[in-house]
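The values are calculated or read from the model by the stated rules, or taken from the named source; none is laboratory data. A quick note: this is a predicted structure, and the numbers were derived from the prediction, not measured. Neighbour counts run over all protein chains shown; Cβ positions are idealised from the backbone, glycine included.
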Amino acid sequence: MREKDISRLLTDEYAERILAATQANPRSVQDISDKHDIPIAACYRKIHELEGAGFLRCAEIVTTPKGKTMKLYRSLLKSAHLVYEEGVFRVKFEFDYDKDINGKWIELNGARTA
Amino acid sequence: MTDILNIPGTHWSLMGFETVENDDTVPPMNDGMNPLQASQLLTDEYSAKILLATYKRRISAQEISQRYGIPIAACYRKIRSLEEAGLIQCVDRILTQKGKRKNLYTSCLRNAYIFFENGRLRARFQLATGAVRDFGGDWNGVDLLKQ
């Protein structure tokens with residue numbers, strides 16, 4: 001996924017709530033959906049999108065008393081910075097694990113490329 | 001918004017584009033936005049393109065639409081929401097050769113910072129007038145240049 005798509009994903013209403021909800025502890029999709037008022041299907045879809053982008057990881061698989069297995073997700077994103085200066089957009093991400101773009105400023109595009 | 005260009009030493013502001021004079025008629029910024037709405041103004045594809053198109057330039061909606069491949073209706077709609085948010089403004093209404101009025105827009109946004117840290121999103125906009133708008137919490141003591 002391209003960096004600009006990543007920054008757009010971050011400012012998606014549901015994605016932002018999911019990332020905030022999974023910062024501290026691993027949470028289940030059902031739990032996030034209930035507590036943060038996200039429709040369950042959208043919640044699954046966004047979580048898969050975020051997982052694909054490397055923002056979320058399934059930290060644990062638990063079995064409920066009813067015998068159903070449930071995945072718990074945790075956020076891998078520590079911080080994200082988007083800066084617009086002098087007509088240029090730059091982003092920087094920091095993750096909990098080794099990732100090639102960790103802590104690097106990435107220039108998206110400037111007015112000059114228009 | 002399609003190319004990542006990284007030309008070391010090339011500074012946009014040195015490339016001879018006209019500068020926009022500050023004036024006092026900038027519309028007030030919509031303070032009713034939350035940090036998410038504020039940051040969406042920057043990460044939305046069309047809005048970002050419009051902000052770049054109007055950076056240190058006066059340009060019409062029609063021209064933005066053609067040059068940046070934004071459907072004309074969406075272009076007008078986004079321009080309107082950016083204008084309401086105080087990020088761009090109409091600086092002139094010129095007459096075209098056909099006698100039609102055409103609004104020229106220019107960006108009021110100089111710098112913007114959107115930070116997601118500790119599960120919290122916040123945004124800061126610095127306008128050409130020097131005014132600063134913060135969304136979602138405290139920016140005091142944040143050294144932006146060190147980031």
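Every residue, every condition in (1) within 11 Å of chain A (Cβ to nearest Cβ); (2) at pLDDT below 95, yes or no:
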site: B:4; (1), (2): yes, yes
site: B:31; (1), (2): no, yes
site: B:70; (1), (2): no, no
site: B:76; (1), (2): no, no
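Limited to the stretch A:65-90, what total is found for residues that are more than 9 Å from chain B (Cβ to nearest Cβ) and either closer than 30 Å to residue A:28 by Cβ or exposed (fewer than 15 other Cβ atoms within 10 Å of the Cβ) (or both)?
Total satisfying the criteria: 11.
Name the single residue that is nearest to the other protein chains (Cβ to nearest Cβ) among those in the stretch B:104-117 being surrounded by fewer than 18 Cβ atoms within 10 Å (Cβ to Cβ) and farther than 15 Å from residue A:11 by Cα.
My answer is B:111.
If we scan the stretch A:29-38, do we find a residue that is surrounded by 17 or more Cβ atoms within 10 Å (Cβ to Cβ) and within 23 Å of residue B:123 (Cβ to Cβ)?
yes
Quick check: is even one residue across the stretch A:41-60 touching a residue at least 40 places away in the same chain (Cβ under 8 Å) and within 12 Å of chain B (Cβ to nearest Cβ)?
There is at least one residue in the stretch A:41-60 that is touching a residue at least 40 places away in the same chain (Cβ under 8 Å) and within 12 Å of chain B (Cβ to nearest Cβ).
Sort through A:59, A:41 and tell me the only one that's modelled with pLDDT of 95 or more and among the aliphatic types (A, V, I, L, M).
Step by step, each of A:59, A:41 is checked, and only A:41 is modelled with pLDDT of 95 or more and among the aliphatic types (A, V, I, L, M).
Please note which helices (runs of 4 or more DSSP H) are completely contained in the stretch A:10-111 and include at least 1 residues that are aromatic (Phe, Trp, Tyr) and more than 30 Å from residue B:52 (Cα to Cα).
The helices (runs of 4 or more DSSP H) meeting that bar are A:40-52.
I want to confirm something. Restricting to the stretch B:123-135 and keeping residues that are within 11 Å of chain A (Cβ to nearest Cβ) and in contact (Cβ under 8 Å) with a residue 40 or more places away in the chain, which single residue is nearest to residue B:50 (Cα to Cα)?
The extreme case among them is B:125.
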